[in-house]
Amino acid sequence: MLDEVIEGQSLTAIEGIICGVGPGSFTGLRVATGVAQGLAWSLNVPVIPFCSLMSQALAVHYENEAKEGYLLSTIEAQTGQFYWRLFDCREGAFHPVSEPSLGVSEYLVAKVAECGAHSLHIVGSAATLVRHLLDSTLPQQTEVSPVVRPRASAALQYVCENPGLCPSLAAEALQPLYVQTDIGWKKLAEQPRRA
């Protein structure tokens, strides 16, 4: 995969690494940050953590510059839940209006209500589920794109265009973005005894 990404160039040509830190699957986030840290340490380059929901939203924003309104980026969670983050894309702008969050909550309903009469574009692997769950509260102009996924090229373009908004870190400071802190598994000693 690395060979494909660097397209025949030497690893020493890398000046920095942008790493998708989540939210997302626990294992995927650990692999991504582990590979980014290993490369950054060995090459002595900085890393830039990047929100997966933002990367996904940017992929749509860059391809649909003429669209005005709000963009709700979603990713399915393994627990039957979903991660989400809302972005304002009015008047050519692009900025987050929420932090990455988990599931349906009063906070999500309030944020969607703030969209008012503006259009809303729901993207990502949980887009259809979110539309179903929020159906009665969604703006009349709501579009759903469930096949959109986070895109590295969108993150790279944003970092290059907005270097002041994307601070770099030393490799050892890179951490996954865990939105879901209440995990469902328990150690054997914590599980109830079976008869």
Point to revise | Only listed residue being surrounded by fewer than 19 Cβ atoms within 10 Å (Cβ to Cβ) and under 19 Å from the mean Cα position of the chain (by Cα), chosen from Gly22, Gly28 | key: Gly28
Check your understanding: Looking at region 24-45, is at least one residue of a type in the set (Ser, Thr, Tyr), touching a Lys or Arg at 6+ places or on another chain (Cβ under 6 Å) and touching a residue at least 12 places away in the same chain (Cβ under 8 Å)?
Key -> no
Review point. In region 21-41, is there at least one residue being under 19 Å from Ser168 (Cβ atoms), in a strand (DSSP E or B) and modelled with pLDDT under 95?
Key: yes
Exercise for review: State whether one or more residues within region 42-50 are crowded, with 19+ Cβ neighbours inside 10 Å, assigned by TED's automatic domain parsing to the domain that holds Leu174 and in a helix (DSSP H, G or I).
Suggested key: no
Check your understanding: Looking at (1) in a strand (DSSP E or B); (2) touching a residue at least 60 places away in the same chain (Cβ under 8 Å); (3) closer than 25 Å to Ala117 by Cα, which is the one condition that is false for Tyr62?
Key -> (1)
Check your understanding: If you check Val130, Val104, which single one turns out to be of a type in the set (A, V, I, L, M) and surrounded by fewer than 21 Cβ atoms within 10 Å (Cβ to Cβ)?
Key -> Val104
Review point. Which residue pairs have Cβ atoms closer than 9 Å, lie 6 or more positions apart in sequence or on different chains, and pair a first residue in region 86-101 that is in the same structural domain as Leu71 (by TED's automatic domain parsing) with a second residue that is of a type in the set (Val, Ile, Thr)?
Key: Leu86/Val97; Leu86/Val112; Phe87/Val97; Asp88/Val97; Cys89/Val60; Glu99/Val179; Pro100/Val179; Ser101/Val179
Point to revise | strands (runs of 3 or more DSSP E) wholly inside region 73-148 containing at least 2 residues that are of a type in the set (A, V, I, L, M, F, W, C) | key: 82-88, 120-124
Check your understanding: What pairs come up if the first residue lies in region 158-176 and is not assigned by TED's automatic domain parsing to the domain that holds Ile17, the second is of a type outside the set (Ser, Thr, Tyr), and their beta carbons are under 8 Å apart, counting only those six or more places apart or on different chains?
Key -> none
Check your understanding: Among the residues of region 57-71, is there at least one that is touching a Leu at 6+ places or on another chain (Cβ under 8 Å) and either under 20 Å from Pro167 (Cα atoms) or exposed (fewer than 14 other Cβ atoms within 10 Å of the Cβ) (or both)?
Key -> yes
Review point. Any residue in region 5-19 that is under 23 Å from His95 (Cβ atoms), under 17 Å from the mean Cα position of the chain (by Cα) and part of a helix (DSSP H, G or I)?
Key: no
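The values are calculated or read from the model by the stated rules, or taken from the named source; none is laboratory data. Note that the structure is predicted; figures quoted are calculated from it, not measured. With ideal geometry, Cβ positions are generated from the backbone for all residues, glycine too; neighbour counts draw on all protein chains shown.
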